[in-house]
Amino acid sequence: MPVYLPGIRSEAECDELGLWPLIYIWNVDRAAGTFGLSVNGKAIAHLLEPFVPREDPAYVEIRDEAMKVIAEASTQSVLATIEKTGLMPDVLFAYHAEDVQQEQG
């Protein structure tokens with residue numbers, strides 16, 4: 001499931017993400033009805049490495065195709081959810097770390 005990251009305005013600002021989240025939503029503009037959705041390349045690389053070593057000549061192509069497929073499927077799913085609920089991704093996919101900590105604690 002995607003996670004909304006408030007305050008992110010460009011892909012470059014996401015370079016410091018670790019292996020989480022796998023899919024993230026950023027730059028929600030409610031007035032325009034737009035948002036950015038990205039797949040975390042570092043996370044995909046980490047998940048792919050046990051199956052395809054980075055040294056493999058096909059590695060980059062496989063990684064890029066996996067990211068493309070995940071991004072396309074995720075975008076379509078988010079758009080369908082927006083249409084059904086009328087809510088924007090910043091509401092639908094808000095991550096509240098304090099709520100998770102309370103549930104686990």
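Things to note:
- Neighbour-limited loop hits for chymotrypsin sites (Phe, Trp or Tyr not before Pro), the range 1-82 (at most 11 other Cβ within 10 Å; DSSP other than H, G, I, E, B): 51
- Range in the chain, longest, excluding exposed GluC sites (Glu not before Pro) [loop by DSSP; at most 13 other beta-carbon atoms within 10 Å]: 56-105
- Over the chain: helical MRE at 222 nm, DSSP H runs n ≥ 4 each giving -39500 (n - 2.57), nearest 500: -14000 deg cm²/dmol
- Extension reserve of the residue 54-residue 16 stretch, reckoned as 0.36 nm per residue once the Cα distance is removed: 11.6 nm
- Residue-wise HN-Hα coupling along the range 65-74, computed from phi with Karplus coefficients 6.51, -1.76, 1.60 (Hz; x: Gly, Pro): 5, 4, 5, 5, 5, 5, 5, 5, 5, 5
- Ranking 56, 15 from most to least accessible surface, computed with a 1.4 Å probe over the protein chains only, gives 15, 56.
- Top of 57, 89, 21 by mean-square fluctuation, Gaussian network on the chain, Cα under 10 Å: 57
- Per residue, the accessible area of the range 1-85 comes to 64 Å² when a 1.4 Å probe rolls over the protein heavy atoms.
- Beta bridge orientation in the chain: antiparallel %, DSSP, nearest 5: 60 percent
- Within the chain, trypsin sites (Lys or Arg not before Pro) in DSSP loop having at most 12 other beta-carbon neighbours inside 10 Å: 9, 30, 54
- Once both labels are positioned 7 Å from their Cα atoms along Cα-to-Cβ, the gap between residue 46 and residue 76 label points is 2.8 nm.
- Per residue, the average separation of C-alpha pairs within less than 8 Å and at least 6 apart gives the chain a relative contact order of 29 percent.
- Surface composition of the chain: carbon plus sulfur atoms contribute 55% of the solvent-accessible area (1.4 Å probe, protein chains only, all chains present).
The values are calculated or read from the model by the stated rules, or taken from the named source; none is laboratory data. The model shown is predicted, which means the values in this text are computed figures rather than measured ones. So basically every Cβ, Gly included, is an ideal-geometry build from the backbone, and we count neighbours across all protein chains shown. Accessible surface areas use protein heavy atoms only, side chains included; no ligands, DNA or RNA. Shrake-Rupley method; radii C 1.70, N 1.55, O 1.52, S 1.80 Å.
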